[in-house]
Amino acid sequence: MKRHSYDLVRHGNNDLMIEANRIDAKLNLADEKRQPALPVTSLTHLPIGNPTTSKKTRLRAYGSCQMFLTPLFSKHLGFRYPGLLATASAVVCLVVVSFPNASIAQWLRESGAAMSAAGIGDAARSTAYGQAALVFNPAGISQVPVYELQTGYAYTNLIEGHALSASIVDSATNEIVSAGVGYAFAHRQLTSDLTFQTHQLRGALASGYRGETLSVFGGAGIRWLRQSPEEGDADDYLTMDVGALLVLSNLVRIGIVGQNLIPSDRGAGLPTTIGTGLAATYGGFLVAFDTAIDLDTNDEVSVQYNFGLQYTVLDMLPLRLGFQLDKIVEDKRMTAGLGYWSPLLAVDIGYQHSLDNTDSFLVGLDLRIMIP
C-alpha cells in the first residue's frame, strides 16, 4: 500500500492504537487476516462514498476517523480534557461515516472552476478558454483571443461550502504568448466547530499556432494552495499543470492535460490526474466528452467520465446539459446551466445535482467583462 507522509497508523499514540484494536475485536475480525486501521490524512479519504460499503468497512473508517480527528482537535481547537476530546471526535466521526450515499469529497469541486464548465458536466479539457482554461487545461488560454476579467461565486449545501474567485486572462494583446492569473477562496463548514479555509493562486502561460484547418496550443500553469482550519497552523502546497490542445478546422478539439504534477500530501486534495478531452461543434451545437484519471486518491487508479451538450440560441444564449460518472468518489451527477454572451459581458450559471445523494447540490454564477 502506498505510504503517506502523515501516516496516522505509524505515528498514532498507544491509546489510539488500543481503541482501533478494540473496534476490530468488536467486528469479530479475529479469524480474518488482520488489517490495520485505514490511513487517513483527510476526512475526504474515508471509504464512505459507495452505498455498498460494508458495515465492517464503515466501522473501521470510524476508528480511522477518530485517529485523525483526536490529534487535530487537540492541536487546533484547544481541547485538553480527555472526555470532551473523545466526545467531540466521536460525534463528528459518527456524522461523517453515516452519510449513506455520498462522500464529503463529492462537492469539493475545484475552487474557481468556471460555471460554464459546470453546466456541461465539467467536460472542458478541450473546450475551455479564458478563465476556464486556468483550471481545466492551460493550453486553452490561447485558443480564443480574449482579454477578460472574471469574478464568481459557488455554493454547495453538503458541507456549507462557499467559494469566491477572481481572474484576469489576456490572449489578445500578444499574438505569441497568452497569460492568466487567478485567485480563489473557499470556506467549508464540516461541523459547527470544524471549519476549513482554502486560498489558492494560479498563474499560466500558453502559446501556439492558429491556422484555418489546424491549430496547436501548449500551456503550463502553477498553483499555490494554502489550507487551514479556522484556528491553528496552515499547510502550504505548490503544484503545476501542463496541457496541450489540437483544433481541427475549428470543428474538432482534442485536449490532454497533466494536473497536480508536483507530488503533495494525500490530505492536500491535490491528486496527480491525467485528463483527456474530445469535443465537436456544428452550428450552434457543442458535444464534449472528458476523462480524468486519478492516480492518487484511491489505492487503485480511478476514473471520472464527463459528458456535456451545449446549444447556443441566437449566438448569445448558451443552454447546457451534462452528466458525470465519478468512479473516484462513487457518485453520479446531472448538470445544467445557461448563460448570456455579448461582446462586452458574459454571465454563466451552473448547477450540479447528485443522483446518489439526492439532497446534495452545487450552484454558482460567473460574471465576465471583456476588455476591448
>> Go through (1) over 21 Å from A280 (Cβ atoms); (2) assigned to a strand (DSSP E or B); (3) within 14 Å of the chain's Cα centre (by Cα) for D296 and report which single condition fails.
In response: (2)
> Within the bounds of the range 324-343, is there any residue that is free of Cβ contacts under 8 Å to residues at least 60 places away in the same chain, assigned to a strand (DSSP E or B) and of a type in the set (A, V, I, L, M)?
Replying inline: yes
>> If I ask for residues that are closer than 20 Å to T239 by Cβ, charged (D, E, K, R) and out of contact with any Lys or Arg (no Cβ under 7 Å at 6 or more places or on another chain), which ones from the range 269-311 would you list?
In response: D294
> Which of the residues belonging to the range 306-323 are among the charged types (D, E, K, R) and not in a strand (DSSP E or B)?
Replying inline: D315
> Out of the range 256-311, which residues are over 20 Å from G322 (Cα atoms), in contact with a Gly (Cβ under 7 Å, 6 or more places away or on another chain) and among the acidic types (D, E)?
Replying inline: none
> Looking at this structure, is S167 without any contact (Cβ under 8 Å) to a residue 60 or more places away in the chain and over 20 Å from L225 (Cβ atoms)?
Replying inline: no
> Could you list, in sequence order, the residues of the range 142-166 that are aliphatic (A, V, I, L, M), crowded, with 18+ Cβ neighbours inside 10 Å and within 25 Å of the chain's Cα centre (by Cα)?
Replying inline: A154, L158, I159, A163
> Looking at the range 350-372, which of its residues are within 24 Å of F185 (Cα to Cα) and under 18 Å from the mean Cα position of the chain (by Cα)?
Replying inline: G350, Y351, Q352, H353, S354, S360, F361, L362, V363, G364, L365, D366
> Restricting the range 258-309 to residues that are surrounded by fewer than 17 Cβ atoms within 10 Å (Cβ to Cβ) and of a type in the set (D, E), which is modelled with the lowest pLDDT?
Replying inline: D265
>> Suppose we keep only residues that are touching a residue at least 60 places away in the same chain (Cβ under 8 Å) and aliphatic (A, V, I, L, M) within the range 347-372. Which one would you say is farthest from L149 (Cα to Cα)?
In response: L362
>> If I ask for residues that are at pLDDT 95 or above and not hydrophobic (A, V, I, L, M, F, W, C), which ones from the range 343-352 would you list?
In response: D348, G350, Y351, Q352
> T239 fails exactly one of the following numbered conditions: (1) under 25 Å from R333 (Cα atoms); (2) surrounded by fewer than 21 Cβ atoms within 10 Å (Cβ to Cβ); (3) under 20 Å from the mean Cα position of the chain (by Cα); (4) among the β-branched types (V, I, T). What is the number of that condition?
Replying inline: (1)
>> So in the range 339-367, with the set limited to residues that are touching a Lys or Arg at 6+ places or on another chain (Cβ under 9 Å) and among the acidic types (D, E), which one is surrounded by the fewest Cβ atoms within 10 Å (Cβ to Cβ)?
In response: D356
> Does I274 satisfy the criteria of being part of a loop (DSSP other than H, G, I, E, B) and in contact with a strand residue (DSSP E or B) (Cβ under 6 Å, 6 or more places away or on another chain)?
Replying inline: no
>> When the residues of the range 167-201 are narrowed to those that are at pLDDT 85 or above and among the acidic types (D, E), which ends up surrounded by the fewest Cβ atoms within 10 Å (Cβ to Cβ)?
In response: E175
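The values are calculated or read from the model by the stated rules, or taken from the named source; none is laboratory data. This one's a predicted model, so the numbers in the text were calculated from it and none came from an experiment. Cβ: placed from backbone, ideal geometry, glycine included. Neighbour counts: every protein chain shown.
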